[in-house]
1. Go through region 110-117 residue by residue and turn each phi into a ³J(HN,Hα) via Karplus (6.51, -1.76, 1.60, θ = phi - 60°); whole Hz please, and just put x for glycine and proline.
2. K253 accessible area, nearest 10 Å², 1.4 Å probe?
3. What distance in nm separates the two pseudo spin-label positions at R288 and H240, each 7 Å out from Cα along the beta-carbon direction?
4. Which peptide among 306-314, 218-226, 327-335 comes first, and what is the full order, when sorted by highest mean count of other Cβ atoms within 10 Å?
5. Roughly how many Å² of D160 are accessible to a 1.4 Å probe, to the nearest 10?
6. So, counting K/R as plus one and D/E as minus one, what does the shell of residues with Cβ under 10 Å around W215 add up to?
7. Which value, in Å² rounded to 10, gives the accessible area of W94 with a 1.4 Å probe and all protein chains present?
8. Protein chains only, probe 1.4 Å: how do I163, I270 rank by accessible area, largest first?
Amino acid sequence: MKYKLFGANALLGISLAVSGSLLVLPNLAGAEKAQAPSQGEVFDIAAAEKAATVGQAPISEAANEVYGVAQQDPNTGYAGLTISAENGGYSLHWKGAVPQAISDLIENHRTRGIQVTVSASRYTFKELDERARAIMDSDAKIGGVPVTAAGASSDGNSLDIGIDVSTLPVGNRLTNDRARVDSVSESLAGGIPVNITDEEPGESIAGRYTYYGNWTGGQVIRVGGVVCTSGFSVVSPIQHKTYLLTAKHCGDKGDKVTDHSRNATIGKVIDASEGYDSLLVEVEPWHRAMEYIQTGYGVGLPVTSSAKTVTGVGRAFVGERLCASGALMGEVCGAKVIAVSRWIKMDSGVRRHVDTVEQVADRFVAGAGDSGGPVYAYSVSGGVSARGILSATSATTKCKNPLPGGERNRIGCSSRVHVTNIYEQLSQHSTSVGNLGALRVTNFEK
């Protein structure tokens, strides 16, 4: 599988007309089907998905408490964690004896009504992640087919490896027989068991109209003219300045960033990270970025968007249901995490460290124009907890352009999306720029 980068021309093909309005929710996969739900049914579906995501908040926050304690030890036995909102809890996978501090947390969570199971793993997440990165860096092939994705299994017992079967001659397929899998395990994975999967091609996704002066996540922006979406706002505790995140494939260091109409300058890109697909935009001194994201419907709809405060950050876990807020597609909730911390290869040769989400209700999560948009979980406090930004899609199709007057010519729409990690982005930019201190997405007034 190759992950295709859209060029500027493809992104600029998105019309930004401002007259008229659409009455159909743009993030409905059924929009291309003969029998699509009515507008009322669509709104009911979206409301139910959001309610389910909000109800999962206590489990997500408990899981992040465990993960935070586990990461205090660089040699932790942490192997993975999966969330099941349906079962009201999480499963922790651990190599070796579980430390007392983790056991105490688990008991505390159980007293709060959260269902917790603990299972033994053969490998730690660190062991599997390092092997996955080595596989990606080696430009490995399996049966002549390029490896395009690799990562730890969620239970800590194996590696998941994706291959680009589209490079095979027509009519051929790579069989996943036991002998071949065992051979790959020995030669490529150093004896670690592997699961080989066929992966469809993925494409970078490249959004709500902005409010002049105060910038938030989830708004239409232009990076050097390319239409994208603002991600989370960021503050430097040392410089006392505010910044915006968006996707690296939208532009590069030094690019000017404006609102959708190019009438207002937001700022300039001061740092870029290929591996984490992230740009850091320094906001003009007479403006500021706010610790909010837009969570309503996308542009072109008669329903106005609403803003939510960013109250924290967290790690995505397999089974967790998240929301994404691309400016064009609007807020889509109920996207389930199906893989975390996988290394994927883009057509440019760049490796990205991503989590993957899929909309279980068969609705689109994002498309072209939504790149850089925030991905988050709802928190117990009623705000949102940052997880990362929209980076790439797979198994894409065309869908209706949600902008006023838009035709069914919008590219890159998909129910499966790759998300780059907020922790890694903040750490990378803090280190790369060097004089910002530990960047954060919360507590802007402190």
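1. Listing the rounded values in order: 5, 5, 8, x, 8, 7, 10, 10 Hz.
2. 130
3. 1.1
4. 327-335, 218-226, 306-314
5. Solvent-accessible area, nearest 10 Å²: 50 Å².
6. Local charge sum for W215: -1.
7. 10
8. I270, I163
The values are calculated or read from the model by the stated rules, or taken from the named source; none is laboratory data. Keep in mind the model is a prediction, meaning the values are calculated, not measured. Using ideal geometry, Cβ is built from the backbone for each residue, glycine included, and neighbour counts are taken over all protein chains shown. The accessibility values were calculated without ligands, DNA or RNA, using every heavy atom of the protein model including side chains. Shrake-Rupley method; radii C 1.70, N 1.55, O 1.52, S 1.80 Å.
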